[in-house]
1. Can you tell me which residues in the range 86-109 are of a type in the set (D, E, K, R), touching a residue at least 12 places away in the same chain (Cβ under 8 Å) and closer than 16 Å to Tyr72 by Cα?
Amino acid sequence: MPAGRSIPEVRRDLRKRYDEHPGSTHIELRVGGVRVGVTSRARVFKDLGKAGGEPGAGDGDRATQPGESNQYRVLTLTCGSCGNSAHTMYYDERTAPTCCTGARMRVLR
């Protein structure tokens, strides 16, 4: 796809490509020659619903940014007694997991 296309334009183009190639189930997406992802026939033809309706909490207050956060880190917790480990993206000292020996696990990284 050429860079600078709007989402509705790209969606229309993808639907047209799927119509031209009915046996295809996935299309690789490239922008400016760089692979940026893969989409499926089901995703492209999915009904996205209609805009509107009653706003929910936080809608329109501009408190959220578009896209997903890239600030998450996987934390590894380990037991000092037996060496068992666990992984989480959230850590609160008050609810730190305990090992099978009852020892508190500590954050390794």
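1. Passing the criteria: only Arg109.
Results for (1) polar (S, T, N, Q); (2) modelled with pLDDT of 75 or more; (3) in the same structural domain as Lys16 (by TED's automatic domain parsing); (4) in a loop (DSSP other than H, G, I, E, B), shown as yes or no for each residue.
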position	(1), (2), (3), (4)
Lys50	no, no, no, yes
Gly56	no, no, no, yes
Asp61	no, no, no, yes
Thr64	yes, no, no, yes
Gly67	no, no, no, yes
Gly83	no, yes, no, yes
Ala86	no, yes, no, no
Cys100	no, yes, no, yes
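The values are calculated or read from the model by the stated rules, or taken from the named source; none is laboratory data. These figures come from a predicted structure and were not determined experimentally. Don't worry about glycine lacking a Cβ; one is built from the backbone with ideal geometry, like all the others, and counts go over all protein chains shown.
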